[in-house]
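Novice: Submitted below is the structure of interest, expressed as structure tokens.
We did not get these values from a lab; they are worked out from the coordinates using the rules stated. Just so we're clear, the structure is a prediction, and the values are computed from it rather than from any experiment. Every residue, glycine among them, receives a Cβ derived from its backbone with ideal geometry; neighbour counts consider all protein chains shown.
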Amino acid sequence: MDNTLWALGRVSGIVSLILFTGTVVLGILTRSGRPLLSIPRYSLTLIHRNFALLATIFLALHVGTLVLDSFAKLTVADVVVPFLGSYRPFWQGLGTVAFDLVVAVVVTSLLRRRIGVRAFRAVHWFTYAMWPIALAHALGNGTDGTSKFFLMLAICSLISVGAALVWRFSTNFLETAKTRQEELQ
Amino acid sequence: MREVLHIDWTRCDGRGLCTELLPTLLGRDDWGYPLAMQAAGGDPSNVVIDFQHSEAAADAVKLCPKMALALAYEADQADETW
Ligand code: SF4
């Protein structure tokens, strides 16, 4: 049983990271206001939300299985309070920080109608901290963190999110950027 | 009673999701902002939603990234005075 939990805990962490990478890239795409090939904007928004939901489910699985399993020696407190863990507390703590940030982002997203767009967006910015922290946690804490496969995956993820970010902060990022700039001149 | 979709332009950022979902009711200006093709009561920020478009309009309200859309019911009379 313990072996199954341990394996599930590791795999679900990797799957969750892949899904979060997709969520971040899709979120940036959504923000640009552009459709992607033949996928309309409203579908992209839905895909972004569904990726986020799936990623969160796998994250819950990752944390849940590792709390139950006896190798990881994870306590319930470690899930919420960072840097107290017994195994590589720093790297495990990063995972806890990322987890807390995910919880904050998900809760404010679900409540965005009540709390308003400002609070929603302010918290949503934390995603840009969450993602690299989660990646660092995977590299530093993961049993497979330094395997060839995972390093390749990490490099590909970094390139995709990095490219999306460069685009995000470029002047032509918005679909309507050109018109808007011309009008201002 | 009729269903009316209200666009709050102070919130809208012209991301165009609503214009995709309601292509026959909403046009888009150069900046990307939605405009009612047939304005309710002469106001292009209010769109009359008929039965067929009710679901798409509800989707638009849910998906608008800026929460700039709202659906409301109002009395038909508003039109008759015009
Ligand atoms: S979906 Fe919302 S933000 Fe986008 S154009 Fe319509 S009202 Fe504006």
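Novice: Highest mean first, how do A:82-90, B:9-17, A:147-155 rank when packing is the count of other Cβ atoms within 10 Å averaged over residues? Don't skip to the answer; put the middle values down first.
Specialist: On the way: A:82-90: 14.6, B:9-17: 18.6, A:147-155: 12.8.
Sorting A:82-90, B:9-17, A:147-155 by mean packing, highest first, produces B:9-17, A:82-90, A:147-155.
Novice: Give me the one-decimal nm value for the distance between modelled label points at residue B:51 and residue A:18, 7 Å along each residue's Cα-to-Cβ direction.
Specialist: Going from the residue B:51 label point to the residue A:18 one covers 4.7 nm.
Novice: Quick check: the angle from helix B:54-63's long axis to the longest principal axis of chain B, C-alpha only, nearest 10 degrees?
Specialist: Tilt of helix B:54-63: around 40 degrees.
Novice: With labels modelled as points extended 7 Å from the Cα through the Cβ direction, what inter-label distance (nm, one decimal) is found for residue A:143 paired with residue B:28?
Specialist: Reported label-point gap for residue A:143 and residue B:28 is 4.9 nm.
Novice: Still on this structure: Whole-Hz Karplus ³J(HN,Hα) for the stretch A:162-172, in order, using 6.51 cos²θ - 1.76 cosθ + 1.60 and θ = phi - 60°, x for Gly and Pro?
Specialist: x, 5, 4, 5, 4, 5, 3, 9, 8, 6, 9
Novice: Could you list which residues have their amide H under 5 Å from that of residue B:43, counting only those 5 or more apart in sequence or on another chain, with H placed in the peptide plane?
Specialist: Distant-sequence amide H within range of residue B:43: zero hits.
Novice: Checking the cross-link filter: which lysines have an alpha carbon closer than 23 Å to that of residue B:66, excluding same-chain neighbours under 8 positions apart?
Specialist: A:178
Novice: Check residue B:28: other-chain or 5+ apart residues with amide H under 5 Å from its amide H, H built from backbone geometry?
Specialist: Amide H neighbours of residue B:28, under 5 Å, 5+ apart: B:35.
Novice: Same structure again: Can you work out the Karplus-derived ³J(HN,Hα) for every residue in the stretch B:42-52? Use 6.51 cos²θ - 1.76 cosθ + 1.60 with θ = phi - 60°, whole Hz, and x for glycine or proline.
Specialist: x, 9, x, 8, 10, 10, 6, 10, 7, 3, 4
Novice: Report, ordered by chain and residue number, the lysines lying within cross-link reach of residue A:73, taken as a straight Cα distance under 28 Å and ignoring same-chain residues fewer than 8 apart.
Specialist: Output for residue A:73: A:148.
Novice: Across peptide B:24-30, what mean number of C-beta atoms from other chains lies inside 10 Å of a residue's C-beta? It would help to have the intermediate numbers written out before the result.
Specialist: Working: counts 0, 0, 0, 0, 1, 2, 6.
The mean count of partner-chain Cβ atoms within 10 Å per residue comes to 1.
Novice: Skipping prolines and chain starts, which residues have an amide H placed within reach, meaning under 5 Å, of the one on residue B:49, given they are 5 or more residues away or on another chain?
Specialist: Counting only residues 5 or more places away or on other chains, the set is B:3, B:4, B:5.
Novice: Let me ask something else about it. Could you go through the stretch A:82-87 in sequence order and give the Karplus-derived ³J(HN,Hα) for each residue, using 6.51 cos²θ - 1.76 cosθ + 1.60 with θ = phi - 60°, rounded to whole Hz, and x for Gly and Pro?
Specialist: x, 6, 9, x, 8, 10
Novice: I've got another one for you. Starting at 0 and stepping by 5 Å, how many percent of the alpha carbon pairs of chain B end up in each bin?
Specialist: Each 5 Å bin holds this share of Cα pairs: 3, 17, 29, 27, 15, 7, 2.
Novice: Another question about this same structure. Could you tell me the largest-minus-smallest coordinate of the C-alpha atoms of the protein assembly as shown on each of the three principal axes, in descending order and whole angstroms?
Specialist: 75, 42, 29
Novice: Evaluate the charge dipole of the protein assembly as shown about its Cα centre and quote only its size in Debye, nearest 20, assuming +1 on the Cβ of each Lys and Arg and -1 on the Cβ of each Asp and Glu.
Specialist: 1100 debye
Novice: Let me ask you something else. How high is the FRET efficiency between residue A:90 and residue B:75 when r is their beta carbon distance and R₀ equals 51 Å, given to the nearest 0.05? Intermediate values should be presented prior to the final figure.
Specialist: On the way: r = 64 Å, r/R0 = 1.26.
Efficiency at R0 = 51 Å is approximately 0.20.
Novice: List residues of the stretch A:108-142, by number, whose backbone nitrogen lies under 20 Å from a label position 7 Å along Cα→C-beta of residue A:49.
Specialist: Label zone hits: A:108-127.
Novice: Let me ask something else. First obtain the Kirkwood hydrodynamic radius of the stretch A:32-185 from its Cα pairs, then insert it into the Stokes-Einstein equation at 20 °C and 1.002 mPa s, and state the resulting D in µm² per second as a whole number.
Specialist: Details: Rh = 17.8 Å.
Stokes-Einstein gives a translational diffusion coefficient of 120 µm²/s.
Novice: So, one more: Using only helices, what value at 222 nm comes out for chain A when you add -39,500 (n - 2.57) per DSSP H run of length 4 or more and divide by the total residues, to the nearest 500 deg cm²/dmol?
Specialist: Here the helix-only value at 222 nm equals -26000 deg cm²/dmol.
Novice: Work out the FRET efficiency for residue A:160 and residue A:76 from their Cβ-Cβ distance, taking R0 = 45 Å, and round it to the nearest 0.05.
Specialist: Working: r = 34 Å, r/R0 = 0.75.
The calculated FRET efficiency here is 0.85.
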